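All remarks here apply to the structure that follows.
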Amino acid sequence: MTPSEAITQSRAILLTTQKALTDALAKDRTRHRGALMRDLTEVRRMLDPHFPYSSQAGQDAVIDRMIGAKRGGTFVDVGGYDGTTGSNTFFFEVWRGWTGVLVEPVSSQIEKARAVRRCPCLEYAVADTDGTADFISVTEGYTQMGGLAQSYDPAILARVRQDPRHVEEKLTVRTRPLSAILIEAGLPDPDLISLDIEGGELATLKAFPFDRHKVSFWAIENNTGTPEIGAILRQNGYDLVEFCGPDEIYRRR
């Protein structure tokens, strides 16, 4: 088989896989959609060398479609890591001209983010109060899965620590409530909040004053599948519109 024939064959396989995933998504309305969306995003990325979206499981593509490819919107990226890897907001900043802030408590990652992002990058961990707290930073292995020690889900942390590559360190980081960050950033009503803080999502949402902020979309990591996150969002005027990997996408009514 020649190289060109191999490429043609590989593309045919990817196209068949894409159709199978699309057909499965048309029938499935359960949480299993998250895995299907992640796989479909990977296939589309392999098919298109100019694929613009950067989210791991299509979060940005879903929101971009639902918001009508809006230009000049605003975002708050909480747990933004290095600013690009699997980012739910990088596409909007680069391709749609959105402005916003990235929030990340680990100094080494915030410096990487500041080198590539146009938006301000704030060195905080989101918590109930202003202050400091212990933070588990994963330096080898699942490096994107650092989180506050007090709110890190024990089962998820145990799985992270089972990785043979795993190395972690404990840091003391500055904390700030999410609402205070929105006010500080001058973004009381952003189009998108991406919330990825390894088990701290539920506590953050319980403390969040929804009546003070009109957020158009939320992308919320829910690794445990707890129904409490959905209950809080529904009670405060949001509908679940998609699963993308471990994330749930909510849209304001």
>> Expected output is a single nm value to one decimal: the length gained when fully extending between D48 and R29, i.e. 0.36 nm times separation in residues minus the C-alpha distance. What is it?
In response: 4.2 nm
>> Compute the orientation-averaged projected area for the range 3-252 from the convex hull of its Cα atoms and round it to one decimal in nm².
In response: 14.3
>> Exceeding 32 Å between C-alpha atoms, which entries from my cross-link table qualify? They are K112/K214; K19/K214; K170/K214; K70/K170; K19/K112; K19/K206.
In response: K19/K214; K170/K214; K70/K170; K19/K112; K19/K206
> How big is the gap, in Å, between the Cα center of the range 6-24 and the Cα center of the range 62-116?
Replying inline: 30
> So how tilted is helix 33-47 from the main axis of the chain? Cα-based, degrees 0 to 90, rounded to 10.
Replying inline: 60
> Taking the simple approach of a point 7 Å from Cα along Cα-to-Cβ for both R174 and D130, what is their distance in nm?
Replying inline: 1.0
> Cα centroids of the range 127-194 and the range 197-243: how far apart, whole angstrom?
Replying inline: 16
> Based on the Cβ-Cβ distance of A12 and T84, what FRET efficiency does E = 1/(1 + (r/R0)^6) give at R0 = 45 Å, to the nearest 0.05?
Replying inline: 0.90
> Nearest 0.05, what FRET efficiency do A158 and A69 give at R0 = 30 Å with Cβ-Cβ as r?
Replying inline: 0.15
>> Tell me the mean residue ellipticity at 222 nm calculated for the chain from its helices only (DSSP H runs of n ≥ 4, each -39500 (n - 2.57), averaged over every residue, nearest 500).
In response: -11500 deg cm²/dmol
> In nm, to one decimal, how far is the T22 label point from the E140 one, both placed 7 Å along Cα→Cβ?
Replying inline: 4.4
> Among W95, W218, which comes first, then next, by fewest other beta-carbon atoms within 10 Å?
Replying inline: W95, W218
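Throughout, read-outs are computed from the coordinates displayed, never taken from laboratory work. Quick caveat, the model's predicted, so the values are computed rather than measured. Because the Cβ atoms are built from the backbone with ideal geometry, glycine has one as well, and the counts that use them run over all protein chains shown.
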